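The values are calculated or read from the model by the stated rules, or taken from the named source; none is laboratory data. It should be emphasised that the depicted structure is a prediction, and the values quoted were computed from it without experimental measurement. For neighbour counting, all protein chains shown are included, and Cβ atoms are generated from backbone atoms with ideal geometry for every residue, glycine included.
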Amino acid sequence: MQGRIVNWLDDRGFGFIERVDDQDCRKTFVHVSALPGGEPPPHLRVLVQYDVETTPKGLKAVNVSYVDVAPRADVPARYGDVA
């Protein structure tokens with residue numbers, strides 16, 4: 001499925017993805033270990049492709065790859081949702 005990074009806590013190494021086709025705006029947890037190796041942190045609203053695993057705590061993104069643009073080191077996604 002595809003979604004956009006809507007929140008990223010760089011100092012904690014995780015954030016959330018919102019599916020592009022989800023009318024309910026549910027968010028999926030994503031950990032830095034699910035991102036492509038060696039890449040800088042993602043920036044907000046970057047489009048990603050990912051698979052989902054169900055965990056006891058909720059949905060978790062795995063096998064994440066960037067779709068529309070590569071992550072930018074100069075504009076990291078940090079702290080909070082984007083409207």
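Take the residues in region 19-30 that are hydrophobic (A, V, I, L, M, F, W, C) and at pLDDT 95 or above, then tell me which one is nearest to residue 47 (Cα to Cα).
If we filter region 19-30 for residues that are hydrophobic (A, V, I, L, M, F, W, C), which is where we start, we get 20, 25, 29-30.
This time we only want the ones that are at pLDDT 95 or above, so: 29-30.
Working: 29: 15, 30: 13 Å.
In this case the residue turns out to be 30.
Can you spot a residue in region 2-18 that is out of contact with any Leu (no Cβ under 6 Å at 6 or more places or on another chain), on the phi > 0 side of the Ramachandran plot, surrounded by fewer than 19 Cβ atoms within 10 Å (Cβ to Cβ) and at pLDDT 90 or above?
yes
Working only within region 13-31, note down all residues that are out of contact with any helix residue (DSSP H, G or I) (no Cβ under 9 Å at 6 or more places or on another chain) and more than 15 Å from residue 59 (Cα to Cα).
Those that are out of contact with any helix residue (DSSP H, G or I) (no Cβ under 9 Å at 6 or more places or on another chain) and more than 15 Å from residue 59 (Cα to Cα): 20, 21, 23.
Please go through region 45-63 and pick out each residue that is in contact (Cβ under 8 Å) with a residue 40 or more places away in the chain and either more than 12 Å from residue 19 (Cα to Cα) or charged (D, E, K, R) (or both). Even if it seems obvious, please write down each step before you answer.
Taking region 45-63 as the starting set, the residues that turn out to be in contact (Cβ under 8 Å) with a residue 40 or more places away in the chain are 45-52, 61.
Correct list: 45, 51.
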